[in-house]
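Everything below concerns the one structure shown next.
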Amino acid sequence: MKEILYLKIYKEIVDKIHNGTLVYGDKLPSKRKMAKIHNVSIITVENAYNQLVSEGYIYSKEKSGFYINVLEIEKKAVSIPEEKLVEIKPDYIFNFINTYTGIESFPFSVWQKIGRNILTNDAEILLNKCPSNGLLELRQTIASYVNENLAMNVSSSQVIIGSGSENLYSLLINYFGREKKYAVEDPSYLNISKIYQLNDVNFDYIPLDDKGINMNILYQKEIDLVHVSTNHHYPTGITMPISRRYELLKWAKEKNAFIIEDDYDVELRLKGKLINPLFSLDDNNVIYLNTFSVTLNPSFRIAYMILPKRLVSSYIQKMSILNCAVPVYDQLVLSKFIQSGSYERHLNRKKKIYKDIRNIFLSEIKTAEIYEELTIKEADLGLQLLIKYPYNISDKIVEKIASENKIKIYTLSHFLHDKLDTKTLVVSYASFDPKNTEYGVNLLINLLNKIKNYASE
């Protein structure tokens, strides 16, 4: 209570100095008189005066009292305007770029219940330092999950937790070193090459053929690590056949090289069982990467990689200085979410939603007059497809037409290193929901008609 009172007196005097009521040389009431004015103790006034002296607002004369010490001060009161929340409106009417799924199907109530139980029962775990490779419980859970669902045979020691896939790319660069020669697919997810560029890494682009990464060109290069997506390549949608997988494994063995396998959306297979990763065929030269950002939510930054057994010891030794960037609480909630079967049920719901969306999408576009002129390449895995058109028009102009019509969409050349024209749209329906799918398809059909009309002019 005394602290509040003394601050009240302090503020009153400071305000009078700022508005000019009190000026340099003015004498303040004695401590006894000020105490009487405010009906407080002398000690309270003394605390206020001492604070003013320490900040230079007043000074004391022995046996005389306290005086204003500020020679000149801005008389205008400074007001802090109230911050207004500005709604940022999107500059588009529809988004065919987004590759992350929506939040509509996310089981918030289940997630919250698990979180509350952890805060009640696992406080000790939350307060302990997390190992650099991630929380043991989550690593054990992930090891069990991939062994059961993806035909792997790994232990928790091989699992490394990271804050998103980009974080894992950087960790691998720090582990292997910048003197190594890296390679990425062309086309590919652009953030991969950007991470290598930011880390000043020497890397090369390896083009694709209809089976995935082109082995003839890969053999021509001196590559130490190659980054591939075997089960569902983005943006082409290619699933690498078993013959090409064995070719790639043979190359790695012959060259004593490593394959970084990015299996970012393997769980979103809309038809048939999950496709086993390359790692399940060879756990000696393959480093496996996966993320929960795609299946759960983009803001949920938890990804993991699985190392070959022969790298575990050296990785832990070299990288132990780094802290795991993922909060222990998030790791623990995710672990129990998977253990409880909630993750599997969530995936089943999400896949059902996107099956319906894809079916609506395809049925709607097939009714369009322009459909017979298009070639649509779809896959049973992932949430995007390719639409190829025959019109003589550059990809750059196509993207410009889309932008002018407030539609966010990329052509395939956007993901190519040499940006050659492809006459192909990359269409993601990850941000769709069943209610707006027809609307989105109609916008896409109108865009294709405008592209056709522009090319014929």
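None of the figures in this text is laboratory data; all of them are computed from the coordinates on show. Quantities reported herein were computed from a predicted structural model and do not represent experimental measurements. Quick reminder, even Gly has a Cβ in these numbers, built from the backbone with ideal geometry, and neighbours come from all protein chains shown.
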According to a simple spin-label model (label point 7 Å from Cα along Cα-to-Cβ), what is the distance in nm between LEU119 and TYR391? 5.4
Quick one, can you get me the convex hull of the C-alpha atoms of the range 109-340 expressed as volume per residue in Å³? 125
Using Cα pairs under 8 angstrom and six or more residues apart, how large is the relative contact order of the range 109-340, in percent? 28
Remind me, relative contact order of the range 105-190 in percent, using alpha carbon pairs under 8 angstrom and six or more residues apart? 21
Would you kindly derive the ³J(HN,Hα) couplings of the range 173-188 from the backbone phi angles with the Karplus curve 6.51 cos²θ - 1.76 cosθ + 1.60 (θ = phi - 60°), listing them in order in whole Hz, with x for Gly and Pro? 4, 5, 6, 6, x, 7, 7, 6, 9, 9, 9, 10, 6, 9, x, 7
Based only on the alpha carbon positions, what is the Kirkwood hydrodynamic radius of the range 316-383, in angstrom? 16.3
Sorted by chain and then number, the residues having a modelled amide H within less than 5 Å of the amide H of ARG269, at least 5 places away or on another chain, are GLY382
Given charges at beta-carbon only (K, R positive; D, E negative), |dipole| of the range 2-68 in Debye: 300
Modelled label-to-label distance, GLN220 and ASN449, 7 Å Cα→beta-carbon offset: nm? 4.5
Relative contact order for the chain, counting Cα pairs under 8 Å that sit 6 or more residues apart, in percent: 18
Fully extended contour minus Cα-Cα distance, from ASN50 to ARG32, at 0.36 nm per residue: 5.0 nm
Give me the extension gain from TYR59 to ASN297: residue separation times 0.36 nm, minus the current Cα-Cα distance, reported in nm with one decimal. 79.7 nm
Obtain the nm distance between the two label points defined at ILE93 and ALA151 by a simple spin-label model: each point lies 7 Å from its Cα along the Cα-to-C-beta direction. 4.7
If you rank MET305, MET215 by fewest surrounding Cβ atoms within 10 Å, what's the result? MET215, MET305
Length added when fully stretched, ILE316-ILE43, from 0.36 nm per residue minus Cα-Cα: 92.3 nm
Counting other beta carbons within 10 Å of each residue's own, what order do VAL426, VAL53 fall into, fewest first? VAL53, VAL426
Between [x] 21.5, 67; [y] 31.6, 101; [z] 23.7, 78, which matches Rg and Dmax of the Cα atoms in Å calculated for the structure shown? [y]
Which listed residue (GLY65, THR291, TYR410) has the Cα farthest towards the positive end of the charge dipole for the chain, taking +1 on Lys and Arg C-beta and -1 on Asp and Glu C-beta about the Cα centre? GLY65
Amide H of LYS181: which non-local residues (sequence gap of 5 or more, or other chain) have their own amide H closer than 5 Å, using H built in the peptide plane? ASP224, LEU225
